[in-house]
1. Anything over 26 Å Cα to Cα? Flag those among 613/1089; 547/595; 601/765; 617/765, in the order listed.
2. What residues qualify as long-range amide H neighbours of residue 713, i.e. H under 5 Å apart, gap of 5 or more or another chain, H built at 1.01 Å from N?
3. Find the percent of Cα-Cα distances in the range 463-518 that exceed 12 Å, and round it to a whole number.
4. Can you work out the Karplus-derived ³J(HN,Hα) for every residue in the range 1055-1063? Use 6.51 cos²θ - 1.76 cosθ + 1.60 with θ = phi - 60°, whole Hz, and x for glycine or proline.
5. By how many nm would the segment from residue 967 to residue 88 lengthen if fully extended, with 0.36 nm per residue of separation less the alpha-carbon distance?
6. If the chain between residue 867 and residue 653 were fully stretched, how many nm would it gain, using 0.36 nm times the residue separation less the Cα-Cα distance?
7. Note the full-extension length gain between residue 908 and residue 588 as 0.36 nm times their separation in residues minus their Cα-Cα distance, in nm to one decimal.
8. Could you sort out which of 73/459; 257/459; 288/571 sit more than 21 Å apart by Cα distance in this structure?
Amino acid sequence: MELVNGLALAALTLFIVGFIWAGFNPIQRYLTPLRRFPGPPPLPFLGNLLAIASRDLTAYLAECRDAYGGVFKIWFGNQPWVCVADPELIRRVAYRVLSRPFSPADAIHLLTGEQYEVDANTLVFMKNGPAWRLARRAFESSIIHPQSLAGHLPAVWRCVRRYTPRLERYAATGEPLELSGDLADLTLAVVGEAAYGVDFRTTGTEEEEEGGGAAAAAAAAGSGSGSSAPGPALVRAVRQCFDCLDVNKATVYGPLKMIWPGLTPLWRWMAEHMPDAAQTRHMQARQKVADVSRQLMAQWQAAKAAAAAAAAADATGAGAGAAAAAKAADGGAGMQAFVEVGGGISSSSFMASLLEGRRGAAKEEERLSDLQIVAQCLTFLLAGFETTAATISFTAFCLATHPGAQARLLAELDEHFARSPAEGAAEGGEGAMPELSYLDAVLKESMRLYPAGSALIRKSPEPLELGRGLVVPGDTFVCLATHAVMHDPAIWPEPEAFRPERFLPESGGRLGPLAAGGGGGGGGGAAAEGAAWAPFGMGPRMCVGSKFATMVSKAVLLQIYRRFTFELHPKQVLPLRTRTALTHAPRDGIWVVVKARPASKEDVVHACAVAAKHGLKVSPRGSGHHYGGCSLVRGALLLDLSALGGVTVDAAARTARVGPCVSGRALRAATAPVGLHFPGPHLSEVGLSGFILGGGNGWGVRHWGAAADNVVEFEAVVFGDTPAAAPAAAAGGGSSGSSSGSSSAGPRLVRVSAESDPELFWGLKGAGFFLAVVTEFVLRLHPVPAALPLTCAIYPLTALEQVAAFFQRFHTSLPTCVEGSLAIVGGGGGGGDANGSSDGSSGSSNGSSSGDDSGGERPEWRRPVVTPVVIVSCTAFVAAGSPEVEAAYAQLRDFLPDTRISIQEGPLPYDAALSILDPGWSWPGLCMYGHGCFVPVPALVAAPADDEGVAAAGGKDCGGALAALRQAAHTMTSPRSILLVCPSAPSTAPGSSSSSSGNGSSSGSSCSGALGFRDTFYTAAYAMWTRTHQGPAADGDVAHAAWVHAAAAGLAPAAAGLYVNEVMHDQPGNSQVRASYEPAAYERLRGLKARVDPAGLLRPL
């Protein structure tokens, strides 16, 4: 008995020791060359699993790269991984180590039974050999060869065309859309049609899908099959497969295998016979996807059998019997659940390539087995599902957070479709994929920031020398951390910033290796910089579907952004968090608001009619002036008018016909060559629509009046009565879709001038966005010299009172052809970011974060040290050397020369002079919040001494204007914030009178319109700062907004009214809009709105 007890105790001791030994793995930890590799210290048994699970694998590898360099090791349980984050080493390893890689599915959920065999036989995880070469050859013939790849493009166009009505519904209702999940339906439809020739019924609206499902069910019933449309069920199954691959949702057997890999057969047996809920869910999902592959195989075989039977019938004359046999074969297979489209399962499809290859193989060893074919179909479905959807979603996120890049992309697309009208007009835009350099650059930059695969994992069968005395032992996993390389600041300046220009020749390689955009993803060149961009991997084991995925992504982006744009919804979690499972994808989804982007004026009328029919509000946006969110109206159909561009200049008539989304820069480019000028926005990229419709204080406002004062005619969609309004078809050559001269209510396109409808014409000049959707402007132009005289004097803040008093006198003495302004700027100037950092290191502008951000507390915002200066600047719109200009500039030259910091003076070419403000108001990651009001000129400095002074100043307590500016200057929260005082629109515009000499002596032409508070100072506070990767709290958003609120409150007692284009639209109520118009004008506008917008579909007054 004692012997038995002793043996039992010894066995138990040996088991415990062996268990601990196997879990701790001391030999690999201490007695192999791995001990030379740096890396984070592992925990016993668990290794670095806890840190990986808490941070996400992608983020963890990046942190380790920063801490330990380009080569390091981490521990997955007790299994060591050698991680390589050096481009040259990645390239070398990718081409040398070709063995079967690590399978995430089998690591996180132990695959059992048939699913284990399926996983082992996929092209991705198959061992090298004849079967691997056969499988890869099938992929190459179907989705790699250029000719077969181009053959799939019509299927992609069809899928996008079926999908876009869903986006139209979201645009019409304003409901938030989780884009990454929704696009997965589209990408699965593309896989189904392009690869198999069948419709998975995952696109279209819910009603269409329900109808399609009913149709399929009816067809199935007619053929003796009781199955229903499998598309939605397949989508759920594939999503479940991806969801189960999240480390945090793993089966309990996954960590056990990582800790004790030697006991893998035991864990696999237990997972098969005693599965937990996670294991069961994953196996069922994978089985569903595998069953679809078998169903597709059976459908193809049934079709072949039917074709053979029909051929035999033709040969023997027994047509009826053969047809019945073919129908029985088809019905018996129960395949009517899949609807064949695009010619059915074509001979060029992926499935046909696999099956035809097997039929044509002369030797058994050259044929793929049923199991191997099922495995490749599973690879195609899974690889084409979430990866492409995530890539497109990440790209949409980047564009939504970088409006400048989005505007440039839209301009390229518009130019393409305008240049190719036949292609642009074709339904769905079917045709060859166009070469669009900026679209390519946007996609490449998005894939650099958010690659679908963040690492490549191989297993080296033989020792692998990495240099510097580091040797990877044989049979060790090697992780190629491509994501970390693509975020390496030593390779990519500002690696976290979204900069598509990296991949354009214009960057000259300053923003990263230009060769990386082409070499890295195309098979791996010899240069190390080719490995710096490797979202698809490289070498023989690189993603076999890279070309197909790129084509699909570009095609989807091309067609979607042709008609829609996206803005982030408040539900979106920022900074963007990602998770790594089988792919790198958004952790919380990407929540957007879909905006309709009409491609023509007729589209605008149609969209307005749909909104009116369903009682939806309409909110047009013309790339506009309202950075405060005027175009964002809850529950409204947002019309993005950015496709309506174009400028036509009539030099003889001195007019220009422009679209609503033409920028100030684009208009100048068209008018400057013929020596003409429009008083457009002070910032070149501001769109004309919002600027003009709110009045528009622009370049030369004192001389020619506001922008709205220089509109000759509007083309607009109106919703109510327009007495005697000229229909657009007659006046402008376009079709309005309405009867000529009709006064009946309803959306229609009309032309509005002082003659056709003087009341609406008056209202559109300053309150246009409340009354109509303007689709075109006819503008009055004015002669201008080729060079403009400028001067700029800078003073310390201590001289503010003296400078302000001088500027008040100076302004009243200036001829109208000279425009002067006073600005108090934070001194942020050139190199530093707008949050006070001098090295720019915090200037990340893509608002993203890999993985969970729970690893540490966000730093609190601290007010930077700001040393404001006072600037007085002047721009003259007459030739240099004019006596009135010389006299005016002499006044500034002689003012406080000893106190002045500097003065600059001299003529600049016209376009350079009107672009001079752009650098200070535009940079990556710019955030802006501001408020503008009109202050009577006497109220800027001098407080009234008695009631007469108050009356003279416009009935306001005007003593607080300068005091408010001084207080705001001393409390600036950002070195790039600005306080501005400049002239407002005049009551008369001397420059618009033909008799005016330009010196203001003529009375000029009278200005009229809804824009009020003329002959005042426009006074504004703009908080400007940079969005960094740390997020809004650390960037001080609340403090910057509070600074604007305080400045607005200080200016309020002196203000005569507000400027509707730049009030704080996020404030509750409608008081700020009401305060933007003089009382009589406001009541007049209310009556006008009741006539032209009786249902109140546009923004309320």
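Coordinate-derived values only; no laboratory data. Worth saying up front: this structure is predicted, and the values here are computed from it rather than measured. A quick note on method: Cβ atoms are made from the backbone with ideal geometry, for glycine too, and the neighbour counts reach across all protein chains shown.
1. Details: 613/1089 19 Å; 547/595 30 Å; 601/765 21 Å; 617/765 22 Å.
Long pairs (Cα-Cα over 26 Å): 547/595.
2. Excluding prolines and chain starts, which carry no amide H, the hits are 778.
3. Percent of Cα pairs beyond 12 Å in the range 463-518: 72.
4. 7, 7, x, 10, 9, 4, 5, 9, 8
5. In short, 310.8 nm is gained.
6. Details: separation 214, 0.36 × 214 = 77.04 nm, distance 4.92 nm.
Contour length minus Cα-Cα distance gives 72.1 nm.
7. Gain on extension, residue 908 to residue 588, equals 110.1 nm.
8. Working: 73/459 14 Å; 257/459 17 Å; 288/571 32 Å.
Listed pairs above 21 Å: 288/571.
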